[in-house]
Structures are given as C-alpha cells and as structure tokens.
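Worksheet: one structure, shown below.
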Amino acid sequence: MAELLIVYHSRTGGSRQMAEAAAGAARAETKTHLMTAADAGPNDLLRAEGYIFCAPENLAATSGEMKEFFDRSYYPVLGRIEGRPYAQMICAGSDGENAARQTARIAQGWRLKEVQPPLIICTHAQTPDAILAPKTIPEDQLALCRELGAAMGAGLEMGVF
C-alpha cells in the first residue's frame, strides 16, 4: 500500500481544517499520515510516496513554521525523493499566490512532481482582528480539500503519478 504524507501548519485553524479534510478523504484510498510541520521531518518524507503540503500565507509568504519544516528537511532528503508527486493547499486572507510560489520553488528543488495547481482557500481576513481570529472554513471549500486528498490517495494507490 502506498503512503501519503500530509504536512500542515495552522495558527488560527483554517489550514488544520483543510489538512484534516484532505486526510479524511485520502484515508479511504491509501495509508495516510497527517502531521504538523513541527512534528514532521526528513524520515517522514522518505517513508512516503507522495505529499500534500498545507499552510497559511503569512505576510505574503508561507508560514514560518512550515518554512522551518522545509529548512530542517531540505538537505537530508535532497536527491532521495525526486519524482514523487505533491500538491499543496494554502489558507490565505487575500490571494495566497506568493506562499504557493514559495512552496512550489522548494518542491522544484526537490524535483517533486506537481500533480495539480495549488488549492488556495481565501478567508478574506483583512483586519488585524479578522486575521488573528479562529477560522471556520466553509463546507463547500472543505469539499475541495477532500477531493484533493481523495485524488492524491487514489493516484498513489493506482500508480498514476
């Protein structure tokens, strides 16, 4: 059985909800590990055959905790995970594009294969209070996360990536 690793960071709950939705659907298709960025590391990346990275966009970049995961893991797995599929989900207050580009550049350095464009869920949080408030991702947007998780899990199991 193939193994999918979903690594996420969430400060206000939005990215956590997205990652949990993807993981729930992926588990119906393949073995799936859901890990926080603080807990995941190089050995987890080496063990899995595919990845979903999920983080909020903070100050027009991927969150610091997610970046720390990439920093800790980058060189230990460089040249050892090439060609593996990945997808990403971004929880953003406005556009999320820069966080997606940043993650894509890291994945490109690892020579991972992007299997779909980034899924960006926009919360439209634009004030300090709204940005720092706990998030609730609407069901229709969580359904998109489930679709991504199910597709990644099924694709890994069928060997299509």
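Points worth noting:
- Annotation: extensible slack from residue 61 through residue 98 equals 12.7 nm (criterion: 0.36 nm per residue apart, minus Cα-Cα distance).
- Contact order relative to length of segment 1-59, as percent, for alpha carbon pairs under 8 angstrom and 6 or more apart: 55
- Within the accessible area of the chain (1.4 Å probe), percent carbon and sulfur: 51
- In the chain, the longest principal axis of the Cα atoms and the axis of helix 97-110 are about 20 degrees apart.
- Modelled this way, with points 7 Å down the Cα-to-C-beta line, the labels at residue 39 and residue 143 are 3.0 nm from one another.
- Whole-Hz couplings from phi, Karplus 6.51/-1.76/1.60, listed for segment 31-47; x for Gly and Pro: 5, 9, 10, 10, 9, 6, 4, 5, 9, 7, x, x, 5, 5, 5, 5, 6
- Placing a pseudo-label 7 Å from each Cα along the Cα-to-Cβ vector at residue 131 and residue 157 gives an inter-label distance of 4.1 nm.
- Shape class for segment 1-92, computed from the alpha carbon gyration tensor (a ≥ b ≥ c): oblate, with a/c not under 1.5 and a/b at or below b/c.
- As a length-normalised measure over Cα pairs under 8 Å and 6 or more apart, the relative contact order of segment 1-132 settles at 25 percent.
- Each peptide in 88-99, 127-138 gets a packing score, the mean of other Cβ atoms within 10 Å over its residues, and the list from highest to lowest is 88-99, 127-138.
- Shape call, segment 103-155: gyration tensor on alpha carbons, a/c limit 1.5: oblate
- Taken as Cα centroids, segment 1-44 and segment 80-118 sit 15 Å apart, rounded to the nearest whole angstrom.
- The HN-Hα couplings worked out from phi for segment 144-161 by the Karplus form 6.51 cos²θ - 1.76 cosθ + 1.60 (θ = phi - 60°) are 5, 5, 4, 4, 4, x, 5, 5, 5, x, 5, x, 5, 5, 7, x, 7, 8 Hz, whole numbers, x standing for Gly and Pro.
- Each Cα pair under 8 Å and six or more residues apart adds its sequence gap; the mean of these over the residue count of segment 84-147 is a relative contact order of 41 percent.
- Accessible area of the chain divided out per residue, in Å², using a probe of 1.4 angstrom: 47
- Per-residue HN-Hα couplings for segment 15-29 [Karplus 6.51, -1.76, 1.60; θ = phi - 60°; Hz; x = Gly/Pro]: 5, 4, 4, 5, 5, 5, 5, 5, 5, x, 6, 5, 4, 6, 10
- Under-5 Å amide H pairs with residue 122, H placed in peptide plane, nonlocal only: 92
- Net charge dipole, segment 61-161: roughly 440 debye, given to the nearest 20, about the Cα centre with Cβ charges of +1 for Lys and Arg and -1 for Asp and Glu.
- Dimensions of the chain along the principal axes, based on C-alpha atoms and rounded to the nearest Å, stand at 43, 32, 25, largest first.
- Amide H partners (placed H, <5 Å) of residue 32, local residues excluded: 4
The values are calculated or read from the model by the stated rules, or taken from the named source; none is laboratory data. Everything quoted here is computed from the prediction, not taken from an experiment. Ideal geometry is used to build each Cβ from the backbone, glycine not excepted, and the neighbour counts take in all protein chains shown. The protein model used for the area step is the full one, side chains on, heavy atoms only, and it has no ligands, DNA or RNA in it. Shrake-Rupley method; radii C 1.70, N 1.55, O 1.52, S 1.80 Å.
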